[in-house]
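What follows is a set of notes on a single structure, which appears directly below.
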Amino acid sequence: MSRLPVLDEQSLDSDQAKVVEAIRRGPRGPNANATVGPFGVWLRSPAFATPAQELGAHCRFGAALPRDVSEFAIILTAKHWRAQFEFWAHARIALEEGIPEEVVEAVRIGEPLVLERTDLALVHRLVTEYFATNRVSQETYQEALNTFGETGLVDLVGTVGYYGLVSATLNVFEVQVPAGEEEPLP
């Protein structure tokens, strides 16, 4: 069970309701479930929730990266932090964006990846190198800069950082996957 109860939308105060409205007016759309996952936690601090959800909208929908590349970075980050809810949510999106099922499954269970696309192999190398060493080699940095450009590389690193924040939120507050769903990560 999650450490915080799911908020009842009818009981939100005006600042919380504004955040929910902003989430639904944005690229996530009018049907976005804005009271679960990290949003359900962040709504306890609307001043935090507002810029956090805006940054997330940029990372998912406005980054200077192809959507499949962003989603691949997100599931790598969720796996690293063992964020069950985040991996559950974004593995499905990664598949919808064209990441092969066998790649998503290999990330999920921690098996070596076979990546035919050089951009995904580079993202994997950069993200795993960073998580292993808290740094990125000059060679990896230069290749990522050449591949994604300055803006794309900033967006890639920012996406990994943002989903680290999401993962911390989900893990500390023990946000569970929806009822009836199994935790995806071993």
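Each reported figure results from applying straightforward, stated rules to the coordinates on display, with no laboratory input. Note that the coordinates shown come from a computational prediction; the quantities given were computed from them, not determined experimentally. Don't worry about glycine lacking a Cβ; one is built from the backbone with ideal geometry, like all the others, and counts go over all protein chains shown.
When the chain is fully extended, how far beyond the present Cα-Cα distance does Glu183 get from Arg92, taking 0.36 nm per residue of separation?
31.4 nm
Return the tail of the calculated pair distribution for the stretch 64-172, meaning the percent of Cα-Cα pairs more than 22 Å apart.
Of all Cα-Cα distances in the stretch 64-172, 24 percent exceed 22 Å.
Largest first and to the nearest Å, give the Cα extent of the stretch 9-61 along each principal axis.
On the principal axes, the stretch 9-61 reaches 29, 21, 17 Å in Cα extent.
Taking 0.36 nm per intervening residue step and subtracting the Cα-Cα distance, what contour gain separates Leu165 from Glu54 on full extension?
This chain segment gains 38.6 nm when fully extended.
How much net charge surrounds Thr140 when only other residues with a Cβ under 10 Å from its Cβ are counted (Lys, Arg +1; Asp, Glu -1)? Don't skip to the answer; put the middle values down first.
Values: positive: Arg125, Arg135; negative: Glu129, Glu139, Glu143.
Charge balance in the 10 Å sphere: -1.
Taking just the C-alpha trace of the chain, give me its Rg and Dmax in Å.
Final numbers for Rg and Dmax: 16.6, 53 Å.
Quote the FRET efficiency, to the nearest 0.05, computed for Met1 versus Ser137 with a Förster distance R0 of 45 Å and r equal to the Cβ-Cβ distance.
Computed FRET efficiency for Met1 and Ser137 comes out at 0.60.
Around Tyr163, under 11 Å between beta carbons, what's the net of Lys plus Arg minus Asp minus Glu among the other residues?
That works out to 0.
Say the dipole of the chain comes from +1 at the beta carbon of Lys and Arg and -1 at that of Asp and Glu; which of Val123, Gly56, Gly110 then lies farthest toward its positive end?
About the Cα centre, the residue reaching furthest to the positive side is Gly56.
Report, in whole Å, the centroid distance computed from the Cα atoms of the stretch 13-39 and the stretch 97-115.
About 31 Å separates the Cα centre of the stretch 13-39 from the one of the stretch 97-115.
In debye, nearest 20, what is the charge dipole magnitude of the chain about its Cα centre with +1 on Lys and Arg Cβ and -1 on Asp and Glu Cβ, if you could check?
440 debye
What is the list of residues in the stretch 1-25 whose amide nitrogen lies under 15 Å from a point 7 angstrom out from the Cα of Gln176, following Cα to Cβ?
Taking a point 7 Å out along Cα→Cβ of Gln176, the residues of the stretch 1-25 whose backbone N falls under 15 Å are 1-7.
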